[in-house]
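Here is the structure we will look at.
The values are calculated or read from the model by the stated rules, or taken from the named source; none is laboratory data. Please read all numbers here as calculations on a predicted model, not as lab measurements. A quick note on method: Cβ atoms are made from the backbone with ideal geometry, for glycine too, and the neighbour counts reach across all protein chains shown.
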Amino acid sequence: MNIDLKRVLGKFRQTLEPGKTLSQRAIRGGMWMLTLRIAERLLGLVRTVVLARILAPDDFGVMGVTLLAMSALETISQTGFDVALIQRKEDVHKYLDTAWTIQVIRGLLLFGVLLAIAPLVAEFFDSPESIMITRVVATVELLKGLTNTGVIYFQRDLDFRKRFVYQFGGTFANLATTLVAALLLRDVWALALGLVTGQVLRCALSFLMHPYRPRLRVDWQKGGEIFGFGKWVTATSIVVFLAVNGDDALLGKLLGTAALGLYQMAYLFANLAATEVTHIISQVALPAYSRVQDNSDRLRSAFLKTLQTTLFLSTPMSVGVLFLGPDFVRIFLGEKWTPMVASLQILAISGLIRATVATGGPLFNAASRPHLNFWMNLVRMAVMATTVFPLTRYYGLAGTSVAVLLGVLAGIPIWWRSSLQIIGRDTTSMLNQLIDILLVLLAMGIPVLVLKALLVRIGLFEFAVLTFISVAGGVGMFWLLWKYFDRGPVKIIREVVVSI
């Protein structure tokens, strides 16, 4: 078979450009974000496996205490300006100085507060080691505050090539520093040094990669305009933070930092679908939806494709964690991590549901209805808040995970009703997506369950075989859905290839 190498290389170079049409920019942007997240997660997986062998669960728990305090302050002080500027259809250059000045002030305040409350946080979690860790990691807030706001154009203009370099540069610096420090120090300081180093490089890249040079200046009128939209983003961020991190705080207080380290590791692996897939898609979906927010037909078509893509990327990941997670933990992480297995499996289910309902976030924001996202997550937080204490107290890590699952389930009705209102009540298409996912889940999961019941022992070879069989079952179902029902990921891939 003759291959026109020149034509192939030309096509490849073409995909590296942002594209001319909205469809091309969205698809190519999605490819860049997918590449970024794959690269980040592969490096992250190596990092996690290596560090799990070198460090103890208590080290991860100490760092978890610091990150929890930092995340809490970031969330309650978030302006929501980035989402507001991406959502606006007109040029936003006149808003950047105001946004950057407020960002710098916020960074300084967070830095000072973290320095002051470090002893209080350590006392609350009975973790004296976290005092100095928190104070060193606080410099990350200064660096975030100084970051050039011009990088918002990378996402706004769907130019994710530059966003890839900007984001991945910091990730690689974090990884390299952490691994070297872990081998030398063999304690929690490796995690702290990696985090700070990554943010230093990211801040530097923001100025090297975008020509905008911010100035300290505040236009209160322009600030008020974007705050009107951003306040709902801030409110949503607060309730999402409480829903995502409230379990960490309570579990760390009741069960200690070692249990917190186990739980956070379980959450990391189980929520790959929710955190990775939805992050990629929401980064591209928000600016793309914003461009067609006045065209209901194009908005509906874009959302349904986004939902379908989310589900078909998330399901295999969640199925793998649900059915093969226990063996992965034992083989790759070691026996000391096996107490997290039950929690891992429960969280895998909640991760898939969370990835599904998260598709509503960019849709609601692009349609100028950010309050819907707030109410959906408020219900989630309320259900979890009322169940997490008794379940954690009586059932430990597994109980906390069940509370998380119940909270995620509670948000489904609002997501379903609100999404249908915006896209025009296309109930049949929405149901088809969910039915397809159930079929894929069965095709991937049943063969694994049957074979695991027949195997006496599962080692590395058996694990690889089970993984291959599960993937083959999913691919087979993808092909059947395309061949006989003309839908599914195969159809999407064909459409993407044509659009590129």
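Data table
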read-out: Residues of the range 342-388 that turn out to be of a type in the set (Val, Ile, Thr) and closer than 11 Å to residue 410 by Cα, as a count; value: 4
read-out: Failed criterion for residue 333 (all others in (1) within 19 Å of residue 466 (Cα to Cα); (2) in contact with a Leu (Cβ under 8 Å, 6 or more places away or on another chain) hold); value: (2)
read-out: Any pair with Cβ under 7 angstrom, 6 or more apart, that starts in the range 73-98 at a residue that is over 22 Å from residue 139 (Cα atoms) and ends at one that is polar (S, T, N, Q); value: 83/365; 86/155; 86/290; 87/290; 87/365; 89/290; 96/149
read-out: Unmet criterion (only one of (1) under 22 Å from residue 315 (Cα atoms); (2) of a type outside the set (Gly, Ala, Ser); (3) surrounded by fewer than 19 Cβ atoms within 10 Å (Cβ to Cβ)) for residue 448; value: (3)
read-out: Some residue of the range 261-269 being at pLDDT 75 or above and among the small types (Gly, Ala, Ser); value: yes
read-out: Pairs, first more than 13 Å from residue 400 (Cα to Cα) in the range 236-260, second small (Gly, Ala, Ser) and surrounded by fewer than 21 Cβ atoms within 10 Å (Cβ to Cβ), C-beta under 8 Å, six or more apart; value: 241/71; 241/72; 242/385; 258/56
read-out: Within the range 419-430, considering residues that are out of contact with any Lys or Arg (no Cβ under 6 Å at 6 or more places or on another chain) and crowded, with 20+ Cβ neighbours inside 10 Å, the one farthest from residue 266 (Cα to Cα); value: 422
read-out: Residue satisfying condition, being at pLDDT below 80 and either among the polar types (S, T, N, Q) or buried (at least 22 other Cβ atoms within 10 Å of the Cβ) (or both), within set 356, 275, 306, 310; value: 275
read-out: Count - residues of the range 338-361 that are within 30 Å of residue 296 (Cα to Cα) and out of contact with any Phe, Trp or Tyr (no Cβ under 6 Å at 6 or more places or on another chain); value: 9
read-out: Those residues of the range 198-211 which are farther than 22 Å from residue 96 by Cβ and buried (at least 21 other Cβ atoms within 10 Å of the Cβ), in sequence order; value: 198
read-out: Number of the condition not met by residue 435 [criteria: (1) over 23 Å from residue 272 (Cα atoms); (2) at pLDDT below 90; (3) over 23 Å from the mean Cα position of the chain (by Cα); (4) among the hydrophobic types (A, V, I, L, M, F, W, C)]; value: (1)
read-out: Count of residues meeting criterion [over 20 Å from residue 368 (Cβ atoms) and either in contact with a Pro (Cβ under 6 Å, 6 or more places away or on another chain) or crowded, with 18+ Cβ neighbours inside 10 Å (or both)] in the range 218-244; value: 5
read-out: Among (1) at pLDDT 80 or above; (2) on the phi > 0 side of the Ramachandran plot; (3) not aliphatic (A, V, I, L, M), the one test that residue 98 misses; value: (2)
read-out: Residue check for residue 368: among the hydroxyl-bearing types (Ser, Thr, Tyr), touching a residue at least 24 places away in the same chain (Cβ under 8 Å), on the phi > 0 side of the Ramachandran plot and surrounded by fewer than 22 Cβ atoms within 10 Å (Cβ to Cβ); value: yes
read-out: Matching residues in the range 247-257 - criterion: being crowded, with 18+ Cβ neighbours inside 10 Å and small (Gly, Ala, Ser); value: 249, 252
read-out: Residue in the range 133-142 that is in contact with an Asp or Glu (Cβ under 8 Å, 6 or more places away or on another chain) and within 26 Å of residue 188 (Cβ to Cβ) present; value: yes
read-out: Unmet criterion (only one of (1) modelled with pLDDT of 85 or more; (2) assigned to a helix (DSSP H, G or I); (3) surrounded by 18 or more Cβ atoms within 10 Å (Cβ to Cβ)) for residue 172; value: (3)
read-out: One residue from 249, 204 being under 30 Å from residue 93 (Cβ atoms), of a type outside the set (Ser, Thr, Tyr) and part of a helix (DSSP H, G or I); value: 204
